[in-house]
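J.: Structure provided below as structure tokens; questions to follow.
The values are calculated or read from the model by the stated rules, or taken from the named source; none is laboratory data. Only a predicted model underlies this, so the values are computations on that prediction, with no experimental measurement involved. Quick reminder, even Gly has a Cβ in these numbers, built from the backbone with ideal geometry, and neighbours come from all protein chains shown.
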Amino acid sequence: MEKTMKAIRFYEPGVIKLEDVDIPVLEHEGDVIVKTKAILTCGTDLKVYKRGHPKVKPPLTFGHEFSGIIEVVGKNVRNFKRGMRVVAANSAPCNECYSCKKGKQNLCEELDETLIGFSVDGAYAEYIRIPERIARQNMYEIPDHVSFQEAAFTEPLACVVNGNEIADINLTDNVVVIGAGPIGLLHIQLARARGAKNVIAIDLIEYRLQKALEVGAHHVINAKTDPVGKVKKITDGRGADIVIECVGLPQTWENAIAMTGKAGTTILFGGAAPGTKISVDTHRIHYEDLTIKGIFHHTPACVKRALDLISSGIVKVKPLITKEMPLNQVSDALELLQKGENIKIAIIP
Ligand SMILES: [Zn+2]
Ligand SMILES: [Zn+2]
């Protein structure tokens with residue numbers, strides 16, 4: 001095995017460099033080294049690239065949605081061996097902190113300690129080290145019929161599964177998904193799988209609305225054209241049973257609540273900037289039995305379910321990969337992503 005590899009390193013907002021760095025080595029006997037085969041671009045990567053991120057201490061290899069082939073396993077690794085095709089999530093819980101013991105592993109207080117692409121080197125590279133905690137809890141062999149690119153959707157889909165589960169969609173519910181990027185397009189498919197009667201997608205970009213129809217939305221609404229009024233119209237004036245906001249702007253959060261009907265649930269899936277605020281009609285929350293829920297990240301159960309959903313074909317991720325690019329074009333890929341005419345770009349080392 002060679003000693004060095006190509007990696008995309010983040011230095012400061014707007015500055016990433018393709019560099020030759022040492023191939024990662026085992027730091028613990030439970031670690032695994034994976035040769036990457038597919039890495040997916042993510043909106044979070046774009047944010048890190050453009051603005052930096054409080055959790056990212058540069059220089060750092062970023063990227064966190066990936067799959068590959070095992071190159072090296074530590075002495076204490078069970079169930080995995082060299083040559084296996086695997087996918088891993090970007091984190092795993094400690095199972096010992098207050099949040100973990102409360103059953104909220106997605107909020108594990110030690111999440112940041114081994115967060116791939118944020119606190120430890122990530123996936124835009126030819127090799128990646130999977131820390132022991134992740135290898136043990138959140139790494140899986142990829143079924144033969146699932147491609148590396150499809151398997152790499154496991155992590156974002158795990159977050160979507162977490163949101164879908166708390167949304168608690170019932171048969172024949174009217175469901176709105178605001179934001180038809182990769183996350184919204186996955187939510188649309190899960191809402192269909194749960195038996196929603198109408199799945200309504202809202203976005204500003206026509207290209208994404210077309211994608212929403214392609215993956216199963218019944219109705220699409222351009223966000224510029226009175227989305228609240230149009231949702232009311234489709235739902236006989238009542239508003240939706242479930243609204244899932246996947247944008248992360250205070251204005252869309254307010255719209256999401258405004259288009260939620262009586263006894264409905266608003267899921268605030270898109271994270272808004274720290275310190276931003278929304279205003280909500282208190283009268284409606286009380287007299288209309290509204291439920292407003294935030295949701296963040298994933299648990300090991302969600303990760304397992306996500307891979308099952310991909311493998312079984314219940315969720316189709318192939319239509320969400322709209323381009324392939326080589327590792328030396330990550331910055332171009334992220335620029336393209338920002339233009340809104342791609343859903344996810346697969347980086348192939
Ligand atoms: Zn991501
Ligand atoms: Zn924990």
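J.: Mind checking whether some residue in the range 67-89 is within 12 Å of ligand 1 (Cβ to nearest atom) and not hydroxyl-bearing (Ser, Thr, Tyr)?
T.: Residues of the range 67-89 within 12 Å of ligand 1 (Cβ to nearest atom): 89.
Cutting the leftovers down to not hydroxyl-bearing (Ser, Thr, Tyr) gives us 89.
Yes, there is a match, as at least one residue in the range 67-89 is within 12 Å of ligand 1 (Cβ to nearest atom) and not hydroxyl-bearing (Ser, Thr, Tyr).
J.: Having 3 or more residues that are modelled with pLDDT of 95 or more and more than 21 Å from Ala196 (Cα to Cα) is the bar; report the strands (runs of 3 or more DSSP E) wholly within the range 256-349 that clear it.
T.: 321-326, 344-348
J.: Quick check on the range 148-171. Is at least one of its residues out of contact with any Cys (no Cβ under 7 Å at 6 or more places or on another chain), closer than 25 Å to Ala263 by Cα and of a type in the set (D, E, K, R)? Break it down stepwise before answering.
T.: Filtering the range 148-171 down to residues out of contact with any Cys (no Cβ under 7 Å at 6 or more places or on another chain) leaves 148-155, 157, 159-160, 163-171.
From what's left, closer than 25 Å to Ala263 by Cα: 159-160, 163-171.
Keeping just the survivors that are of a type in the set (D, E, K, R) gives 165, 168.
Among the residues of the range 148-171, at least one is out of contact with any Cys (no Cβ under 7 Å at 6 or more places or on another chain), closer than 25 Å to Ala263 by Cα and of a type in the set (D, E, K, R), which makes the answer yes.
J.: Now for a different question. Considering every residue within the range 120-128, establish whether at least one is touching an Asp or Glu at 6+ places or on another chain (Cβ under 7 Å), aromatic (Phe, Trp, Tyr) and buried (at least 23 other Cβ atoms within 10 Å of the Cβ).
T.: Yes, there is a match, as at least one residue in the range 120-128 is touching an Asp or Glu at 6+ places or on another chain (Cβ under 7 Å), aromatic (Phe, Trp, Tyr) and buried (at least 23 other Cβ atoms within 10 Å of the Cβ).
J.: Residues Val177, Val228: which one is over 21 Å from Ala306 (Cα atoms), modelled with pLDDT of 95 or more, touching a helix residue (DSSP H, G or I) at 6+ places or on another chain (Cβ under 6 Å) and in the same structural domain as Thr265 (by TED's automatic domain parsing)?
T.: Result of the check over Val177, Val228: Val228.
J.: With the requirement that a residue be part of a loop (DSSP other than H, G, I, E, B) and within 16 Å of Tyr124 (Cα to Cα), what does the range 58-90 give you?
T.: Passing the criteria: Pro58, Pro59, Phe62, Gly63, His64, Glu65, Ala89, Asn90.
J.: Check the range 14-27 and report whether any residue there is within 16 Å of ligand 1 (Cβ to nearest atom), assigned to a loop (DSSP other than H, G, I, E, B), at pLDDT 95 or above and crowded, with 16+ Cβ neighbours inside 10 Å. Walk me through it before giving the result.
T.: Initially, the range 14-27 is screened for residues within 16 Å of ligand 1 (Cβ to nearest atom), giving none.
No - not one qualifying residue is present in the range 14-27.
J.: Same structure again: Do you know which of the residues in the range 32-48 that are in contact with a Phe, Trp or Tyr (Cβ under 7 Å, 6 or more places away or on another chain) and within 17 Å of Ser119 (Cβ to Cβ) is surrounded by the most Cβ atoms within 10 Å (Cβ to Cβ)?
T.: Asp45
J.: Next question, about the same structure. Could you please tell me which pairs satisfy a Cβ distance under 7 Å, a separation of 6+ or placement on different chains, a first residue in the range 40-56 that is assigned to a helix (DSSP H, G or I), and a second residue that is within 16 Å of ligand 2 (Cβ to nearest atom)?
T.: none
J.: Given (1) touching a Cys at 6+ places or on another chain (Cβ under 9 Å); (2) surrounded by 16 or more Cβ atoms within 10 Å (Cβ to Cβ); (3) under 17 Å from His187 (Cβ atoms), identify the lone condition not met by Phe296.
T.: The number of the failed condition is (2).
J.: Name the single residue that is farthest from Pro227 (Cα to Cα) among those in the range 190-206 being surrounded by fewer than 24 Cβ atoms within 10 Å (Cβ to Cβ) and of a type in the set (A, V, I, L, M, F, W, C).
T.: Ala193
J.: Same structure again: Please determine, by comparing only the residues of the range 96-119 that are closer than 19 Å to Val32 by Cβ and without any contact (Cβ under 8 Å) to a residue 40 or more places away in the chain, which one is nearest to ligand 1 (Cβ to nearest atom).
T.: Checking each candidate, the answer is Thr114.
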